[in-house]
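Taken together, the values in this text are just the output of simple stated rules run on the coordinates, not laboratory data. Nothing here was measured: the structure is a model prediction, and the numbers come from that model. Reconstructed Cβ throughout: ideal geometry from the backbone, glycine too, with neighbour counts over all protein chains shown.
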Amino acid sequence: MIELGFALRRQRRAWIVWAVSLAAYAGLVVGEWPSVHRGASALTTYVRHLPRGLAAAFGVTSLSTPAGYLTSELFSVVLPFLLITAAVLATLALSAGDEDRGHLETLLALPVARRRILLQRGAAAWLGLVGLGLVLALVLAGGGGAVALRLAPGRLAAAMVALVALATLHAAVAYLGAGLGLGRARALAAALALAILGYVLSSLLPLARPLAGLADASAWHWTVAQDPLRTGLPVAGVLAELAVSAVLVAVGTWRFGRRDIRAA
């Protein structure tokens, strides 16, 4: 567990920056609620005149309710991509990034279990992600209470769990890339390309009816697209994403233990 503690301390500043930045952004969005609520009738008319598929693709289904407003402004696109980016960057900084810089070569020359090191570093990145999700949930709950943006605590927790599960899956893709030895750039590209592809499959392809069925292949469709702020926790989708993540981590860890480490 020594490596886990080291990785957590090493990434502490980065996670603080992420937490402060996202908390500030979420606070600004929440702070706009009174103005949005006062103009709810005009906004509702505007949303009704949008093409139904286009509005659904960007999560703009309602702006007159707290759940609809936060889904449109945060939970449908912005927060998923930001949490995915944070999780992927943290995972790669502790794995492929260190290998690219030659930092792992010296460490793994010591009599230590290399698979355990990678696992603990991946766990550190995941714990940082969970902490970031908790901070955002507290900001949204506290800020919402201050401006009469009332959400059921259970629904807010469900939405945040769904986002963390989605980000975990993409971090696991980055972890797999690091385990395979792809290097930071290629592993980052793979994880972010999957995020973009998943969003397109879940949100944009359904606009073309013959392609709508492809949405089922997207991890976004399993959780975020189920609108957890209004419908509750998508248990099956969260479990599916965590199961896939576990498989990716297992394969990445196994491969990391069997290959040569690149020299800087």
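Miscellaneous remarks
- Added length on full extension, which subtracts the Cα-Cα distance from 0.36 nm per residue, Leu134 to Ala152: 4.9 nm
- Fewest-first ranking of Phe6, Phe75, using other Cβ atoms within 10 Å as the exposure measure: Phe6, Phe75
- Among 243-253, 160-170, 28-38, the order from most to least packed when residues are scored by Cβ within 10 Å on average: 160-170, 243-253, 28-38
- What the Cβ-Cβ distance of Ser64 and Arg186 gives, at R0 = 35 Å and to the nearest 0.05, is a FRET efficiency of 0.20.
- At full extension, Arg115 and Arg258 could sit 50.6 nm farther apart than now, given 0.36 nm per residue minus the alpha carbon distance.
- q = 0.15, 0.21 Å⁻¹, segment 59-190: log10 I(q)/I(0) [Debye, one scatterer per Cα]: -0.74, -1.12
- Peptides 114-123, 173-182 ranked from most to least packed by the mean count of surrounding Cβ atoms within 10 Å: 173-182, 114-123.
- Contour excess over end-to-end distance, with Cα ends at Ile16 and Ala193 and 0.36 nm allotted per residue: 61.1 nm
- A simple packing score, the average count of other Cβ atoms within 10 Å per residue, orders the peptides 192-199, 89-96 as 89-96, 192-199, with the highest score first.
- As a proxy for reagent exposure, ranking Glu105, Glu99, Glu3 by other Cβ atoms within 10 Å from fewest up yields Glu105, Glu3, Glu99.
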